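The next block holds one structure in the form of structure tokens; read it before the comments.
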Amino acid sequence: MAPRDEASDTYRKVVSFVYRELGAMRPANHKSLYDKSSIGRADLASDRKERARKVYCETRFESDPHKVEDAYCRVWGLSLEEAREAFRDGDWLLGKDRYTFGGPKWAVIADVAVRLRDAISSRDPDRLSALLHQVPSLPHNNGHLIDKFPQLECP
């Protein structure tokens, strides 16, 4: 796979999981962004995994990273930058030291998605290469993001 194609493929997968995780957001996590989002109105919490996979399947051949983000934004009502903010600045802590959803690890994943989008858009091969090497080691709250990639199988 060509580096730009690999970057686009990886970007689409990372974005899907960022929005899937964002679907677990509640008002207590980040009230202002929750209120701005479509999460409560679209009842995304009940089927966030399937909705994210569906948008992924609809965009899996799209090479324009902004069009990919727009497809998720139409459903969730938030940009990648806002997703990053929700994870970074929101209150996702459960108990004393446990994150079940969201939180700092997902803020890093959302940041990588933003940087991948920008590197693809600017056609910067050095940044793309560095970011692609970072993705396999990205941890989420109970494993590594790359281990989730097979869950995006499309019919």
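Conditions (1) among the aliphatic types (A, V, I, L, M); (2) at pLDDT 95 or above; (3) more than 26 Å from S122 (Cβ to Cβ); (4) under 15 Å from the mean Cα position of the chain (by Cα), marked per residue:
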{"position": "R41", "(1), (2), (3), (4)": "no, no, yes, no"}
{"position": "L44", "(1), (2), (3), (4)": "yes, no, yes, yes"}
{"position": "D47", "(1), (2), (3), (4)": "no, no, yes, no"}
{"position": "Y56", "(1), (2), (3), (4)": "no, yes, no, yes"}
{"position": "P65", "(1), (2), (3), (4)": "no, yes, no, yes"}
{"position": "A71", "(1), (2), (3), (4)": "yes, yes, no, yes"}
{"position": "W76", "(1), (2), (3), (4)": "no, yes, no, yes"}
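Scanning the stretch 107-155 for residues that are of a type in the set (D, E, K, R) and modelled with pLDDT of 95 or more gives D111, R115, R117, D118, D147, K148.
Among residues that are over 14 Å from the mean Cα position of the chain (by Cα) and in contact (Cβ under 8 Å) with a residue 24 or more places away in the chain, R60 is included.
Mind checking whether some residue in the stretch 105-125 is among the charged types (D, E, K, R), over 15 Å from V15 (Cα atoms) and more than 15 Å from the chain's Cα centre (by Cα)? Break it down into steps so the answer makes sense when it comes.
Keep residues of the stretch 105-125 that are among the charged types (D, E, K, R), which gives 105, 111, 115, 117-118, 123-124.
Narrowing further to those that are over 15 Å from V15 (Cα atoms): 123-124.
With more than 15 Å from the chain's Cα centre (by Cα) added as a condition, the list becomes 123-124.
Scanning the stretch 105-125, I find at least one residue that is among the charged types (D, E, K, R), over 15 Å from V15 (Cα atoms) and more than 15 Å from the chain's Cα centre (by Cα), so the answer is yes.
None of S16, S63, S46 is more than 22 Å from V135 (Cα to Cα) and either in a helix (DSSP H, G or I) or in contact with a helix residue (DSSP H, G or I) (Cβ under 7 Å, 6 or more places away or on another chain) (or both) except S46. Just to verify a result, which residue in the stretch 80-118, among those that are under 25 Å from H66 (Cβ atoms), touching a residue at least 24 places away in the same chain (Cβ under 8 Å) and of a type in the set (G, A, S), is surrounded by the fewest Cβ atoms within 10 Å (Cβ to Cβ)? Only one residue tops the list, namely G90.
A45 falls short on exactly one of the conditions (1) among the hydrophobic types (A, V, I, L, M, F, W, C); (2) touching a Phe, Trp or Tyr at 6+ places or on another chain (Cβ under 8 Å); (3) surrounded by fewer than 17 Cβ atoms within 10 Å (Cβ to Cβ), and that condition is (2). Among residues of the stretch 137-149 that are among the aliphatic types (A, V, I, L, M), those with a beta-carbon under 6 Å from a residue that is surrounded by fewer than 16 Cβ atoms within 10 Å (Cβ to Cβ) at least six positions away or on a different chain give the pairs I146/P136.
Do we have T59 as surrounded by fewer than 13 Cβ atoms within 10 Å (Cβ to Cβ) and either among the aromatic types (F, W, Y) or closer than 22 Å to D43 by Cβ (or both) here?
Values: surrounded by fewer than 13 Cβ atoms within 10 Å (Cβ to Cβ): no; either among the aromatic types (F, W, Y) or closer than 22 Å to D43 by Cβ (or both): yes.
Answer is no for this residue.
Scanning the stretch 100-108 finds one or more residues that are in contact with a strand residue (DSSP E or B) (Cβ under 6 Å, 6 or more places away or on another chain) and part of a loop (DSSP other than H, G, I, E, B).
Do we find that A130 is surrounded by 14 or more Cβ atoms within 10 Å (Cβ to Cβ) and either touching a Cys at 6+ places or on another chain (Cβ under 9 Å) or part of a helix (DSSP H, G or I) (or both) in this structure?
Values: surrounded by 14 or more Cβ atoms within 10 Å (Cβ to Cβ): no; either touching a Cys at 6+ places or on another chain (Cβ under 9 Å) or part of a helix (DSSP H, G or I) (or both): yes.
The answer is no for A130.
The values are calculated or read from the model by the stated rules, or taken from the named source; none is laboratory data. Everything numeric in this text was worked out from a predicted model, so none of it was measured. Cβ sites come from the backbone with ideal geometry, for glycine too, and all protein chains shown count toward neighbours.
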